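Remarks on the structure that follows.
The values are calculated or read from the model by the stated rules, or taken from the named source; none is laboratory data. Only a predicted model underlies this, so the values are computations on that prediction, with no experimental measurement involved. With ideal geometry, Cβ positions are generated from the backbone for all residues, glycine too; neighbour counts draw on all protein chains shown. Heads up: the accessible areas ignore ligands, DNA and RNA and are worked out on the full protein's heavy atoms, side chains in. Shrake-Rupley method; radii C 1.70, N 1.55, O 1.52, S 1.80 Å.
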Amino acid sequence: MSTGRSLAAVATAPREMELREIPLPEVGPDAGLLRVSATGVCGSDWPMYNTKDPGPRILGHEMVGTIEKIGPIARKMWGVEEGDYVALEEYLPCGHCEYCRGGEFRSCMETDSRIPGAIRYGSTALAVEPALWGGFSQYLYLHPRTVMHRVPKNVPPHIAAMAIPLGNGFQWAYLDGEAGPGKTVVIQGPGQTGLACVLASKIAGADKIILTGLARDQKRFEVAKQLGADVTVAVDEEDLVHVVAQHTGGAMADVVIEATSAGTEIINSSLKLVRKRGMLLLASRKGRPVDQFDLDRALGMQMTIKGVRGHSYRSVEMALSAMASERYPLELLSTHVLSLDEVDSALRTVGGEVRRDAIHMTIDPWLERGHTNVEA
């Protein structure tokens with residue numbers, strides 16, 4: 001091991017976090033070391049923070065930074081040099097299965113953290129050497145199977161750290177949902193991925209974009225309108241089916257994306273929003289089967305129902321391109337930049353336990369402890 005160490009926020013048990021110094025590993029010829037500039041806080045980090053398995057680990061998988069060290073094989077494989085500014089995907093795909101060969105490495109079994117033995121950034125235990133597998137740390141080990149993107153120099157780290165959630169938006173709304181000219185898109189949920197779907201739908205040229213939420217989401221609705229939403233609907237105050245019918249002449253939506261933290265009841269209500277031969281994309285896990293699923297309506301409307309997960313390489317590149325263009329008010333999405341000692345608070349915010357008017361939060365591992373920048 002080298003003499004250097006990395007300060008990291010380690011999830012030691014459910015809802016328990018502590019700062020630790022972890023030795024930096026030696027870098028092999030096919031690996032590297034990333035000096036982390038920023039890591040986004042994702043909603044999926046919260047359920048992982050609530051589990052004891054697979055043991056103590058460093059969470060965080062929306063990472064950007066600069067190459068600190070790199071081996072000669074990795075340098076050739078990735079086409080980068082020390083000092084280059086990059087964003088990583090959480091996936092560590094095998095590269096040779098049918099999904100990887102077909103360009104859909106997010107479906108590779110090696111990327112599924114639920115499978116014993118699989119490794120993935122932001123979910124792998126400290127016990128798996130060399131321990132630095134998560135972004136809530138000053139340094140991150142670059143595994144030979146790392147998926148890497150160059151970040152344009154004009155994109156600051158707290159914006160670049162949104163490459164994955166914005167990539168999800170381009171993946172779901174455009175690449176999977178085929179949003180575009182002549183289409184009406186309904187997006188259920190004003191969280192960071194829902195707002196990313198708004199942006200992607202707007203860039204794709206959708207005719208009408210409708211975003212749903214609750215009455216308490218007025219500030220998010222304002223952000224959504226600046227990103228391209230035409231209509232926002234507080235479903236606890238308005239009849240959503242009536243509103244969508246009103247804005248589509250009764251035809252309903254071509255694409256409906258369900259990206260909320262609501263229970264299973266929202267699936268059947270979403271079915272009512274889809275036009276004949278339209279598409280319903282399901283992007284959020286519910287943890288249990290859907291009660292009284294309205295199969296007859298799905299059949300009668302000849303709709304396509306598609307489960308979506310994560311992002312492709314192409315969608316992340318699209319997100320980075322949108323950032324580099326400086327044409328969109330992405331600063332509105334990045335509401336907080338926090339230090340390592342505030343990771344617990346940030347996770348409890350996305351879990352709804354801490355009240356903070358946040359959309360996308362970023363951890364800067366080099367901020368002085370106790371320092372918070374809320375004007376990122």
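Contact order normalised by length for segment 48-101, with contacts defined as Cα pairs under 8 Å and 6 or more residues apart; what percent is it? Write out the running numbers ahead of the final one.
On the way: 37 pairs, mean separation 18.4, N = 54.
Rounded, it is 34 percent for segment 48-101.
How large is the direction-averaged shadow of the alpha-carbon convex hull of segment 250-376, in nm²?
On the way: hull surface 43.9 nm².
The number I arrive at for segment 250-376 is 11.0 nm².
Tell me which lysines have Cα within less than 27 Å of LYS208's Cα, excluding those fewer than 8 residues away on the same chain?
LYS183, LYS219, LYS225, LYS272, LYS276, LYS306
Please report the antiparallel percentage of DSSP beta bridges with both residues in the chain, rounded to the nearest 5. Walk me through the intermediate numbers first.
On the way: 32 of 58 bridges.
In the chain, DSSP labels about 55 percent of beta bridges as antiparallel.
Whenever you get a sec, compute what percent of the accessible area on the chain sits on carbon and sulfur atoms (1.4 Å probe). Display every interim value, and only then the final one.
Details: 7850 of 16330 Å².
Roughly 48 percent, rounded to a whole number.
Using helices alone, what [θ] at 222 nm do you get for the chain, with -39,500 (n - 2.57) per DSSP H run of 4 or more residues, divided over all residues and rounded to the nearest 500?
Numbers: 12 runs with 92 residues, N = 376.
Helix-only estimate at 222 nm: -6500 deg cm²/dmol.
Just to confirm my numbers, what's the Cα centroid distance between segment 268-336 and segment 58-86 in Å?
31 Å
Amide H to amide H, which residues 5 or more places from MET279 or on other chains are under 5 Å from it, using H placed in the peptide plane?
Excluding prolines and chain starts, which carry no amide H, the hits are VAL255, VAL256, THR304.
Once you list every other residue whose beta carbon is under 11 Å from the beta carbon of ALA224, what net charge do they have if Lys and Arg are +1 and Asp and Glu are -1? Present the calculation step by step, with values, prior to reporting the outcome.
Details: positive: LYS202, LYS219, ARG220, LYS225; negative: ASP217, GLU222, ASP230.
Residues close to ALA224 contribute a combined charge of +1.
Rounded to whole Hz and in sequence order, give me ³J(HN,Hα) for segment 70-80 from the Karplus expression 6.51 cos²θ - 1.76 cosθ + 1.60, θ = phi - 60°, writing x for Gly and Pro.
So the J values, rounded to whole Hz, are 8, x, x, 5, 5, 4, 6, 5, 8, x, 10.
From the backbone phi of segment 112-123, what are the Karplus-calculated ³J(HN,Hα) couplings (6.51 cos²θ - 1.76 cosθ + 1.60, θ = phi - 60°) in whole Hz, Gly and Pro given as x?
Taking θ as phi minus 60°, the curve returns 8, 5, 7, 8, x, x, 6, 10, 7, 5, x, 9 Hz for segment 112-123.
Work out from phi, with θ = phi - 60° and the Karplus expression 6.51 cos²θ - 1.76 cosθ + 1.60, the ³J(HN,Hα) of each residue of segment 324-333, listed in order in whole Hz, and give x for Gly and Pro.
Coupling constants for segment 324-333: 5, 5, 6, 8, 10, x, 5, 4, 5, 7 Hz.
If I take every Cα pair under 8 Å that is 6 or more residues apart in the chain, average their sequence separation and divide by the length, what percent do I get for the relative contact order? Show your work: numbers first, answer last.
Numbers: 877 pairs, mean separation 64.2, N = 376.
Reported as a whole number, the value is 17 percent.
Suppose we keep just the alpha-carbon trace of the chain; what are its Rg and Dmax in angstrom?
In order Rg, Dmax, the Cα atoms of the chain give 20.6, 68 Å.
Considering only protein heavy atoms, what per residue accessible area in square angstrom results for the chain with a 1.4 angstrom probe? Let's see the in-between values first.
Values: 16330 Å² over 376 residues.
Ligands and nucleic acids excluded, the result is 43 Å² per residue.
Report the relative contact order of segment 250-296, percent, no decimals, based on alpha-carbon pairs under 8 angstrom and at least 6 residues apart.
On the way: 59 pairs, mean separation 22.2, N = 47.
Relative contact order, segment 250-296: 47 percent.
Over the Cα atoms of segment 76-208, what Rg and Dmax result, in angstrom?
My reading of the Cα-based Rg and Dmax gives 16.9, 52 Å.
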